[in-house]
Amino acid sequence: MPDPLFRFLGIPTVVHASGQLTQNAFGLVEHLAAEPGFASPLHVHRREDESFYIIEGEAAFILDGKWQRATAGAFVYGPRNIPHGLKIIGDKPCRLLILAPPSGFEQFVLELATPLNAPPAPPDLYQLVPTAARSGIAILVP
């Protein structure tokens, strides 16, 4: 049975592996179609590392103040306690995997899930910031 699809920050998303499945070793999340222009807020994970594998499309990542461009086949590692974020660039949606060891990040994603048929909307910072804080993620809002 396929994993259920939902929206996370407006992006069609699926959780492929949770801590329950991996003995808390990691969570694996896939963004199926992040639209060009989408950008995550700059943030810091205190509990887990966050790695990205680009399946299709292009993204720009900021890691510790330095930007890098990633296209299909690229792997980007974001260690915990390092400020980072991403922006989808190019002219087509980006499909990417997010691997976060140890597990826990996927629960944050699920807590902010909205139905797949809901219209895409920008992140609600009044919901995002406290939810992230409970998950050990600091949103670095200007």
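The values are calculated or read from the model by the stated rules, or taken from the named source; none is laboratory data. These figures come from a predicted structure and were not determined experimentally. Cβ placement follows ideal geometry from the backbone for every residue including glycine, while neighbour counts extend to all protein chains displayed. Remember, those area values only see protein heavy atoms, side chains included, never the ligands or the DNA or RNA. Shrake-Rupley method; radii C 1.70, N 1.55, O 1.52, S 1.80 Å.
Of 77, 126, all but one fail to be aromatic (Phe, Trp, Tyr) and closer than 18 Å to residue 63 by Cβ; the exception is 77.
Does the range 1-16 hold any residues that are open to solvent by 30 Å² or more (accessible area, probe 1.4 Å) and either polar (S, T, N, Q) or under 14 Å from the mean Cα position of the chain (by Cα) (or both), and which are they?
Matches in the range 1-16: 7, 9, 16.
Only a single item in (1) crowded, with 16+ Cβ neighbours inside 10 Å; (2) within 14 Å of the chain's Cα centre (by Cα); (3) in a strand (DSSP E or B) is not met by residue 77, and it is number (1). Against the definition (in contact (Cβ under 8 Å) with a residue 24 or more places away in the chain and outside any helix (DSSP H, G or I)), how does residue 109 come out, yes or no? Answer is no for this residue. Within the range 17-25, not a single residue is more than 23 Å from residue 103 (Cα to Cα) and open to solvent by 30 Å² or more (accessible area, probe 1.4 Å).
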